[in-house]
Amino acid sequence: MTATVVEIGHLFLKTYYERMSKDPSKVSALYSNTAELTHINYQLDFKEDLITVPTVKITGKENISKFFTRNNKKVCDLKVKIDSCDIQSTGVSRSGVIILTTGELFWTGTPTYRFCQTFVLERIENNANALDIVNDIIRFIPEPSYEYQIQPSNS
Amino acid sequence: MTATVVEIGHLFLKTYYERMSKDPSKVSALYSNTAELTHINYQLDFKEDLITVPTVKITGKENISKFFTRNNKKVCDLKVKIDSCDIQSTGVSRSGVIILTTGELFWTGTPTYRFCQTFVLERIENNANALDIVNDIIRFIPEPSYEYQIQPSNS
Amino acid sequence: EKTNNVSIEFPLFFNTSEEEFSKAKEARYRLRVESLD
Amino acid sequence: EKTNNVSIEFPLFFNTSEEEFSKAKEARYRLRVESLD
């Protein structure tokens, strides 16, 4: 059972991130009707040297679809490195999956941004073999040296 | 609704981390019978200068209880700084809560370790006012400079 | 079900203070610098 | 329900390569150093 949950998690990650760059308009098909998404706020023109990337919360498949369509260009250009992935069973009769990933992402010409992301996937009612995203939260992690003031050198 | 979910999330965080240091033996009371926990592997004697902290996965309230009792001393000494907290509704009729936190932790005399942690809380069947932890995953994030090799200076 | 209208400011410290945290953070910083030698 | 017995090695790269990532990482590193001036 545990092995299967891990396999499902890995396959999901591949589908999710590959679809993101290849066809953002089809990313929203992965979400349930009442899904909640906390993702990059592309409407804010954030600067490269920002210590973190602003996020926005979107509720419902329809709004999530609009979000990915509106930001198609930036979403397509997203480049991602996943460093770790923890997976557990969750939900009704533990038929769902929760995933916690950590990694770094960037776009053409930008520096890298560290992030962590959590997903909850649940079985679709009339289709025991399919899983929908019901929760998706990304959070960016500031780079350490921005927050730690180095002592001026004595020279 | 959303405001309430956020309030529940904040109150949960306070309860969880305060109980951790004040009475670890009562932490396991917060988990459901079939909960899964990915937490610090206290059995491994990890060194201070390790770039990350090893974790272990524990399933079921009884094993979680044993885990906190066995590691009581280290758990009591845990010191935590929470930097961020994202919250969404989840689960059956969206009566559950999912939380993603980021922060840093340490013990007496150790340096700090960066981490992210995700929780899923679900309503208890015969008690609509109470929430149980069904998932709890912590993951440590390596410090940047350990992974980036600095060029030797020309001087 | 009703919860108080709590508004929480980050960072939050549990079982520690900002001062104690800063010292541990400095230890982490020293390790980081040493690793660059 | 049956999935192939896939074993995944980290890090995983999507829409990028290790080389391209290293360049973006270097840009981040430069910004970090500049912020310390």
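The values are calculated or read from the model by the stated rules, or taken from the named source; none is laboratory data. Everything numeric here is computed off the predicted structure, so don't read it as measured data. Neighbour counts are summed over all protein chains in view; Cβ atoms, including those assigned to glycine, are modelled from backbone coordinates with ideal geometry. Quick note on the areas: whole protein, heavy atoms, side chains included, nothing else; ligands and nucleic acids left out. Shrake-Rupley method; radii C 1.70, N 1.55, O 1.52, S 1.80 Å.
Tabulated data for the structure shown
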| item | result |
| --- | --- |
| Relative counts (whole %) of C-alpha pair distances in chain B, using bins that are 10 Å wide | 10, 37, 33, 13, 4, 2, 0, 0 |
| For B:Asn41, distant residues with modelled amide H under 5 Å away | B:Thr55, B:Val56 |
| Residue mean of other protein chain beta carbons inside 10 Å, B:74-82 | 4 |
| Average other protein chain Cβ within 10 Å of Cβ, residues A:4-17 | 3 |
| Per residue value of the accessible surface for segment A:11-115 (all protein chains in place, 1.4 Å probe), Å² | 41 |
| Whether segment B:50-100 is rounded, prolate or oblate, judged on the alpha carbon gyration tensor where a/c under 1.5 counts as rounded | oblate |
| Spin-label model distance (nm) - A:Asn126 vs C:Glu26, 7 Å beyond Cα toward Cβ | 6.6 |
| R0 of 51 Å, Cβ-Cβ distance A:Thr69-C:Glu18: FRET efficiency to nearest 0.05 | 0.70 |
| Shielding by partners - mean other protein chain Cβ count within 10 Å, residues of D:14-22 | 6 |
| Those Cys residues of chain B for which no other cysteine Cβ falls under 4.7 Å | B:Cys76, B:Cys85 |
| Of A:Val120, A:Val27, A:Val56, the one that fluctuates the most in a GNM where chain A has Cα springs shorter than 10 Å | A:Val56 |
| Charge context of A:Glu36, other residues only, Cβ under 15 angstrom, K/R +1, D/E -1 | 0 |
